[in-house]
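The values are calculated or read from the model by the stated rules, or taken from the named source; none is laboratory data. Being a predicted model, the structure only gives us computed values, none of them experimental. A quick note on method: Cβ atoms are made from the backbone with ideal geometry, for glycine too, and the neighbour counts reach across all protein chains shown.
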Amino acid sequence: MPTGNLLYAQSGGVTAVINATAAAVLQAARARKVRVLAARNGILGALREELVDASALTAAEVKGLAHTPGGAFGSCRLKLKSLAEDRAKYERLLEVFRAHDVRWFLYNGGNDSADTALKVSQLAAEYGYPLTCVGVPKTIDNDLAVTDCSPGFGSAAKYTAVSVRECALDVAAMAETSTKVFVYEAMGRHAGWLAAAAGLAGDGRDAAPHLILFPERVFDEADFLARVDAVVKRVGHCVVVASEGIRTADGRFVAEAGGRDSFGHAQLGGVAAHLAARVKDALGHKVHWALPDYLQRSARHLASRTDVEHATAVGRAAVECALAGQNAVMPVIVRDGDAPYRWHVDIAPLSRIANHEKTMPKGFIRADGYGITAAARRYLAPLVAGEAYPPYGRDGLPDYVVPRMRTVRRKLPDWNA
């Protein structure tokens, strides 16, 4: 095995279990006596040469990471463009890697991060620099191709299903004299996996959520309003779950607010508030709405045990395949069975994952377009199964850790771009 350092970085929106992956990376590397550096704030920290010595974390700190949400080393939303357009940035990364003898690069993120890891591997090969690049899967959107599911999704899905079930009980209790319609907004720009997870909250025609809006289906406002009114008249109240990315027939986001984020995605302005206003104006029902936003991706206290196990397994596998010289790959989850749920980790080329997106299969969306099928339930149920509670302190709050970071001395001139 070649000598050198391993660089780990976190990318994009963090999850309740991305630090469990980080802990597994550190433990696996420590067992192989490989030093791990971490980039502060993802690829941005690598470009700025803002690195920390992750191997200096104590065993207790590493253990604590496994049950702590957020991104311990910091993350960022910075999409590098093609090698031609952003060549200077890719070359800067190689300069930093050379300066710190980085021979293995693990990038923990989603589709865009897989693309970055793939391009870095290509440029390293072009320059003859011995570097093994491995993507590590993470996204609550569950839209990564090839892998059966994405670490981070199971916990966000569990939070969504539990929250919708509990809110539905609240709405039902007060519907006679108060709220008739409740709208819950789930993350999901192009893929409705999180909204679909809300379907686990109930089963049956009159069980909440009564209507689920998927980005995979065109949003028809008139039909939606008619169905809301029909449910209120039949049940007494209506619980709606909407993906943030639902679109009209002309392809326009229902909640598009204008502007673009750093990944080039249209910024969305809150579909729940929009739908609630339309229901109130058109139907006259009293409406409440909720935007869980960061809550759905940071709720480690409600993490899925399956999700924690997935996150840990891919972190361990990423180190093993990197040290084995498996370049431009990603460890992925393969499902072997539903009942009982069985799975294993396999290795897939980044070329099959980068810039690909996995949306909800047609067979997972009910024929009327407003709910999930039995096939979707079979897929989703194992992913939210089991509890993995963090330890609690005497103050009654989760005992999360904030590791002390030892900064690595810079060796290159400052990078400004």
Worksheet item: Taking strands (runs of 3 or more DSSP E) that fall entirely within segment 231-285, which contain at least 2 residues that are at pLDDT below 95?
Response: 256-260, 266-268
Discussion item. Whether any residue in segment 129-151 is on the phi > 0 side of the Ramachandran plot and of a type in the set (G, A, S) is what I want to check.
Written reply: no
Worksheet item: Any residue at all in segment 166-179 that is at pLDDT 95 or above, among the hydroxyl-bearing types (S, T, Y) and surrounded by fewer than 16 Cβ atoms within 10 Å (Cβ to Cβ)?
Response: yes
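Looking at P398, P391, which one is in contact with a Phe, Trp or Tyr (Cβ under 7 Å, 6 or more places away or on another chain) and touching a residue at least 60 places away in the same chain (Cβ under 8 Å)?
Just a single option satisfies the conditions, and that option is P398.
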Worksheet item: For segment 35-54, what are the residues that are touching a helix residue (DSSP H, G or I) at 6+ places or on another chain (Cβ under 7 Å) and in a loop (DSSP other than H, G, I, E, B)?
Response: E49
Worksheet item: Applying the selection to segment 1-18, what residues are out of contact with any Phe, Trp or Tyr (no Cβ under 9 Å at 6 or more places or on another chain) and outside any loop (DSSP other than H, G, I, E, B)?
Response: I18
Discussion item. If I ask for residues that are surrounded by fewer than 11 Cβ atoms within 10 Å (Cβ to Cβ) and aliphatic (A, V, I, L, M), which ones from segment 403-417 would you list?
Written reply: A417
Item to complete: Within segment 111-166, track down each residue that is under 19 Å from L7 (Cβ atoms), of a type in the set (A, V, I, L, M), outside any strand (DSSP E or B) and touching a Phe, Trp or Tyr at 6+ places or on another chain (Cβ under 9 Å).
Response: A114, A117, V120, L123, A124, L131
Response to the item:
Considering segment 180-199, residues that are at pLDDT 95 or above, of a type in the set (G, A, S) and not in a helix (DSSP H, G or I), and then whichever is nearest to L213 (Cα to Cα), we arrive at G192
Worksheet item: Would you say D336 is surrounded by fewer than 20 Cβ atoms within 10 Å (Cβ to Cβ) and at pLDDT below 95?
Response: no
